[in-house]
Amino acid sequence: MKRRRPLIIFGAVVALLLATFLLVPLVVVVVSAFSPSAALGVSSEQWAAGAGAGRAFRYVLATYGAHLRTSALLALLSASAALALGLPAGLSLGVAPRTRTAGALEILLTLPLAMPGLTVALALLTAYGAYAGDLGLLVLGHVLYTLPFTVRTVAAAARMSAIASALEAARTLGATRVQRARYLLLPSLRRAAQTSLLLALAVSFGEFNVTFLLATPAHGTFPTALYLTYTTNSFPVAAAATTIFLAGLVPLLAGALWLGGEPQQGA
Amino acid sequence: MAGGFVWPLARLCVAAFSRGTESHSGLYRLFADSYARRALGHSLALSLVVALASVAICLPAALSLARGRFVGRALLRGVFAIPLALSGVVVGFLAVAMLGNAGALPALLHTEWLRGTAYGLGGLGITYLYFEIPRATLTMEAALATVEDGLLEAARTLGARPRQLVWLVFWPLCAPALRAAFGVTFAASLGSFGVALIIAGRFPLLPVELYRSFTGTLDEPLGAAMALTLALLAIAVLWVSGRRAR
Amino acid sequence: MRIDFEHLTVEVSGHRALDDISGAFASGGVTAVIGPSGAGKSTLLRVLAGLIAPDAGRVRFDGADVTSLRPEERRLGVVFQDLRLFDFLSARDNVAFAPRVARVPASLQLERVDEALRLVRAGAFADRPARVLSGGERQRIAIARALAARPRALLLDEPFASLDAELRRSIREELREVVRALGVTAVVITHDRDDAFALASHFVVLSAGRIEQVGASNELYLHPATEYVATLLGEANLVAIDAREGDRVRVSGLVRSATGNGRRVLIRPEQLRVAGAATVTPTDGWAARVTDLRCSGAGWRVQLDAGSLGPLIAYVATPPAGENVWLVPPEEVHTV
């Protein structure tokens with residue numbers, strides 16, 4: 001269909017422009033984090049002359065290092081919890097026939113994603129306000145957001161690989177439960193598990209709403225620290241903190257995409 | 001799932017219908033109070049405009065990514081995936097960095113009139129577009145990729161001229177994708193909190209107002225009512241737009 | 001409408017899908033284009049429909065060159081293998097598509113659509129959305145959609161690929177009736193000889209992008225030009241000739257008059273008479289032993305070992321009485 005060629009080219013140009021629109025602010029922030037005195041018009045006086053690029057980073061790490069550690073810990077905890085819960089849940093959803101119950105369960109699992117993050121955060125605060133600041137509550141909040149990714153990714157992989165019929169075939173061939181798990185389940189779900197783990201880590205690491213409302217300053221995560229830098233610190237500090245945040249997030253996303261995951265929305 | 005999600009939601013519903021220290025329930029006051037109503041109106045209007053704009057802007061890009069085969073296509077998709085995972089506050093900060101009072105864009109372009117636009121209505125719209133463009137593009141791309149060339153061929157053998165092909169076949173095939181993208185972007189804009197928290201000082205938007213009434217004025221019933229309204233609106237839009245989309 | 005194609009060549013990524021082929025589809029006739037997958041059948045259909053331009057060659061409709069005409073200008077009715085119904089429309093609106101884009105007046109549109117729906121007996125489900133229809137219903141709507149275009153010719157690409165055997169038979173019969181009643185030129189692309197025999201009286205056999213043989217269906221069945229055509233159109237016993245004298249050949253002691261000038265004799269299974277040991281003298285037949293016997297519904301399929309002749313197949317009405325039988329070939333045989 002040669003007639004649509006001009007449209008495809010036009011669309012590609014638009015896509016390129018949009019990608020530029022998306023990338024330029026990130027580049028500007030990262031560049032100005034490394035050169036606070038550069039003529040980007042964004043350096044404030046106290047950082048101007050003579051201040052090395054490292055100073056903003058050192059300041060961020062010294063002031064908000066605890067937040068960064070909390071974020072890493074929280075991401076690890078909630079991503080592993082999501083994987084531990086999501087693997088069996090996704091597997092049983094993927095293997096189960098598409099009944100009404102299975103459909104309802106899947107909708108319920110993805111409902112937290114459809115809702116504004118603030119609503120979920122407030123609901124948690126209303127119900128468990130007494131435990132505000134508790135790491136367990138934060139993990140719970142994050143698992144609500146990460147579980148949908150693991151369940152959906154694993155269920156999709158189970159459906160794609162028609163794992164249910166393969167398992168049946170293996171049974172008729174005499175494979176034991178352990179052999180079936182080892183030779184069928186593991187290989188067909190390994191990639192889905194890896195992808196959803198990376199996605200869950202990224203989502204948890206970037207999550208702001210739940211943490212912002214449920215965490216006490218001591219247990220704040222790095223995104224809440226970002227909010228602090230944006231509202232209280234100078235631009236170079238904010239830029240440095242954002243750069244650190246991106247350095248943590250982008251590799252996780254790139255890994256998930258590279259493994260074949262679909263781009264997913266964060267909170 | 002029950003304890004972590006259903007129970008808190010139930011508690012939120014109860015809170016929204018409770019009176020607290022006031023004379024009326026939070027839900028009643030949300031629609032009676034003109035300020036809260038205005039915030040809701042702003043949120044709905046902003047979400048509507050941003051959703052329509054992002055669908056319109058992203059359609060050619062999504063078409064191209066879904067149906068074109070060119071070098072760098074995978075990389076482009078990757079670039080689109082990054083802003084999806086950024087939390088709202090970071091996007092808000094990017095807006096400040098580019099269009100704030102000391103923003104990079106006015107400095108780079110040596111223009112004064114862009115200075116501080118981040119805090120205006122236009123800046124708010126642009127910033128919302130920043131995180132809606134990837135959403136709209138990738139949602140439409142996924143749906144458009146399933147449009148089959150075969151149907152266009154069949155229509156041609158039945159005598160459809162190019163323009164009829166577009167209006168009678170291609171457009172109906174795309175419509176579910178556009179609807180889905182509109183729903184996803186509208187719901188995301190409606191619930192977006194971080195961006196508004198950073199830059200929407202001049203305009204009351206529902207997410208920010210609900211945050212304030214919960215933490216600032218400690219008006220739990222009103223905050224809960226706002227949170228519930230946001231959620232119901234978002235889910236309703238997603239449900240209507242996603243229906244029969246597959 | 002008569003369709004001619006001359007010296008058509010189509011290359012698909014360096015491989016010749018069609019290799020300089022010429023031929024014609026007679027006006028008002030039903031022709032089957034038959035061959036295995038990859039023979040170039042669908043490519044030929046797509047060239048006729050204008051969906052791909054040939055690298056060389058011409059297509060003529062009633063003598064007029066249409067090679068450069070776009071598909072929407074050719075006024076053909078195409079039934080695709082995957083049907084390609086517009087799922088966002090109702091069954092009726094699918095059928096109304098061609099009259100609609102041709103800007104036929106509304107009253108006439110209605111008439112045409114109803115007529116097409118009646119022809120394929122689709123009236124009962126015409127107002128349902130296309131996406132909820134069953135396989136057989138979809139098939140009928142796809143045919144009605146092509147008919148409502150009042151096509152100059154009907155092109156059908158493996159039209160029953162998605163149907164189970166029973167439905168396939170019944171819709172095939174209906175299609176046969178419709179096409180005969182309308183007297184429309186029809187080309188059926190198929191790899192299935194049952195479909196070909198059921199629908200068409202004329203065959204074009206394709207193999208690897210070339211035309212293997214063209215002719216009436218019964219002629220091709222009994223007098224194929226090549227072994228390939230012989231086996232494509234049905235089960236075939238192929239037996240080597242010992243000697244040939246003019247139009248007479250000797251095969252394992254028996255002399256027969258022969259058509260064709262091949263080196264092997266073609267005997268269709270139903271041409272081979274199976275007789276009990278007492279009824280035939282050794283000069284009239286070949287001694288053979290029954291190795292397998294199975295009921296084929298209407299009759300019996302007998303598999304035989306005839307020594308040096310190799311394994312043979314015969315279709316008979318009643319199963320042979322004993323294990324040892326005589327096989328009597330017909331008086332006149334065809335050689336390939």
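The selection criterion, being β-branched (Val, Ile, Thr), modelled with pLDDT of 80 or more and in contact with a His (Cβ under 8 Å, 6 or more places away or on another chain), holds for A:THR70. In the condition set (1) more than 18 Å from the chain's Cα centre (by Cα); (2) more than 14 Å from C:ILE189 (Cα to Cα); (3) in contact (Cβ under 8 Å) with a residue 60 or more places away in the chain, C:GLY28 is compliant with all but (1).
Being polar (S, T, N, Q), within 24 Å of B:SER23 (Cα to Cα) and either buried (at least 17 other Cβ atoms within 10 Å of the Cβ) or modelled with pLDDT of 85 or more (or both) is a property that B:THR229 has.
Filter the helices (runs of 4 or more DSSP H) completely within the stretch B:107-222 down to those with at least 1 residues that are within 24 Å of B:ALA95 (Cα to Cα) and facing chain A (nearest Cβ under 10 Å). Because the criterion is at least 1 residues that are within 24 Å of B:ALA95 (Cα to Cα) and facing chain A (nearest Cβ under 10 Å), the helices (runs of 4 or more DSSP H) in the stretch B:107-222 that meet it are B:121-144, B:171-191, B:194-199, B:206-215.
Restricting A:ALA82, A:ALA75, A:ALA96, A:ALA121 to those that are farther than 22 Å from A:LEU253 by Cβ and within 20 Å of the chain's Cα centre (by Cα) reduces the list to A:ALA121. Per the listing A:THR224, A:THR243, the residue uniquely part of a helix (DSSP H, G or I), under 23 Å from B:GLY103 (Cβ atoms) and either open to solvent by less than 40 Å² (accessible area, probe 1.4 Å) or at pLDDT 85 or above (or both) is A:THR243.
Report whether or not C:PRO105 is open to solvent by less than 50 Å² (accessible area, probe 1.4 Å) and not aliphatic (A, V, I, L, M). Against the criterion (open to solvent by less than 50 Å² (accessible area, probe 1.4 Å) and not aliphatic (A, V, I, L, M)), C:PRO105 does not qualify. Scan the stretch B:7-18 for residues that are more than 9 Å from every other protein chain (Cβ to nearest Cβ) and over 11 Å from B:ALA225 (Cβ atoms) and the total you get is 0. Do we have C:ILE267 as touching a Lys or Arg at 6+ places or on another chain (Cβ under 8 Å) and under 27 Å from C:SER207 (Cα atoms) here? So C:ILE267 fails the test.
Yes/no per residue for (1) open to solvent by 10 Å² or more (accessible area, probe 1.4 Å); (2) farther than 24 Å from A:LEU259 by Cβ:
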{"site": "B:ALA53", "(1), (2)": "yes, yes"}
{"site": "B:CYS58", "(1), (2)": "no, yes"}
{"site": "B:LEU65", "(1), (2)": "no, no"}
{"site": "B:LEU76", "(1), (2)": "yes, no"}
{"site": "B:VAL91", "(1), (2)": "no, yes"}
{"site": "B:ASN101", "(1), (2)": "yes, yes"}
{"site": "B:GLY120", "(1), (2)": "yes, yes"}
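Hey, among A:ALA158, A:ALA202, A:ALA169, which residue is open to solvent by less than 40 Å² (accessible area, probe 1.4 Å) and either over 30 Å from B:ARG212 (Cβ atoms) or assigned to a loop (DSSP other than H, G, I, E, B) (or both)? Just a single option satisfies the conditions, and that option is A:ALA158. Among the residues of the stretch A:8-38, how many are closer than 16 Å to B:VAL90 by Cβ, without any contact (Cβ under 8 Å) to a residue 40 or more places away in the chain and open to solvent by less than 20 Å² (accessible area, probe 1.4 Å)? Looking only at that region, the number is 3. Within the stretch A:130-155, being open to solvent by 70 Å² or more (accessible area, probe 1.4 Å) and either of a type outside the set (Lys, Arg) or outside any helix (DSSP H, G or I) (or both) holds for A:ALA130, A:TYR131, A:ASP134. Screening C:SER134 against (1) within 14 Å of chain B (Cβ to nearest Cβ); (2) open to solvent by 50 Å² or more (accessible area, probe 1.4 Å) leaves a single unmet condition, (1).
The values are calculated or read from the model by the stated rules, or taken from the named source; none is laboratory data. Predicted model only: the values in this text are computed from it and were never measured. Quick reminder, even Gly has a Cβ in these numbers, built from the backbone with ideal geometry, and neighbours come from all protein chains shown. Heavy atoms of the whole protein, side chains included, go into the accessibility calculation; ligands, DNA and RNA do not. Shrake-Rupley method; radii C 1.70, N 1.55, O 1.52, S 1.80 Å.
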